[in-house]
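Scroll down for the structure; my scribbles are underneath it.
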Amino acid sequence: MARATNTDYFHSMRFFVSSSPSNGGYDPLPVAQAGFSTCSTPEASIDAVEYKEGHMVYTRKFPGTPTMADITLARGVALKDTLFYDWMFKVIEGGDQYRTDLVITHFHRDALPGYQGLNNPNATAINVAQTPPSNRQYIVQEAFPLRCKIAGDLDATSADVSVAEMDVCYEHFYVQEKAK
C-alpha cells in the first residue's frame, strides 16, 4: 500500500545550498552548490524568563529572547575551490558587503528527476505530472561566516577525503514549501 503524499517523509541526503544576496549583498555561492556532504538545518530556541510578583509564592515563566543556532556547512576540498576561504576573509577584512541570504533546498523524493512513484510498479511519468513534486526551502537571512576550517587535519596514514568546514551565523530564518 502506498503512503499518502503528505505523510511521505523527507530524507536527509537530498539537498543543496545556494546564496541569494538581498539588497545587493555578497554572493559567496554564485551557483547552487550540491557538493556539501553535511549541512545543519536552522534552529531557533527561546530561553524562559522567570518573574515573581511581590506577593506571589511561585514564579511565572515567560518567553525570553529568541536565539538562532549556527549552521555548519561541510564539503570535500577540491582543487581551485576557495569559496569558504574567500567569504571568511571578506568578513575579516571588512569594507565590502559580506552578508548574504542562504537558501537550503531540501528535496522530497517526488522532486527527483525520473521518480516513478512509490510502491507502484504501474506508475508512469503522466501520474507523476498529475501530482506536482514539492520541496522545502530553509531561507537563512543575513548570514556570515564565524569559523572556517579550509581543509581536514593532515594525516599521512589516512585515506579519507579532506573536508572543509564553515560555521555560519544568521539573524533570522523561515521555512518555505514550494511546488515545482
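What follows draws every value from the coordinates through simple rules; no lab data is involved. Quick caveat: nothing in here was measured; it's all calculated off a predicted structure. FYI the Cβ positions are ideal-geometry reconstructions off the backbone, even for glycines, and counts take in every protein chain you see.
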What does the charge count near Val17 come to, summing +1 for each Lys or Arg and -1 for each Asp or Glu among other residues with Cβ under 15 Å from its Cβ? -3
Residues other than Arg147 with Cβ under 11 Å of its Cβ, Lys/Arg counted +1 and Asp/Glu -1, net out at -2
Rank the residues His55, His172, His108 as a footprinting-exposure proxy: fewest other Cβ atoms within 10 Å of their Cβ go first. His55, His172, His108
Straight-line reach only, C-alpha to C-alpha below 16 angstrom: list the aspartates and glutamates that Lys178 could link to, leaving out same-chain residues fewer than 8 apart. Asp8, Asp110
Sum of side-chain charges, Pro63 neighbourhood, beta-carbon under 13 Å (Lys, Arg +1; Asp, Glu -1): 0
In terms of Cα to Cα distance under 13 Å, which aspartates and glutamates are near enough to Lys149, apart from those fewer than 8 places away along the same chain? Asp86, Glu165, Asp167
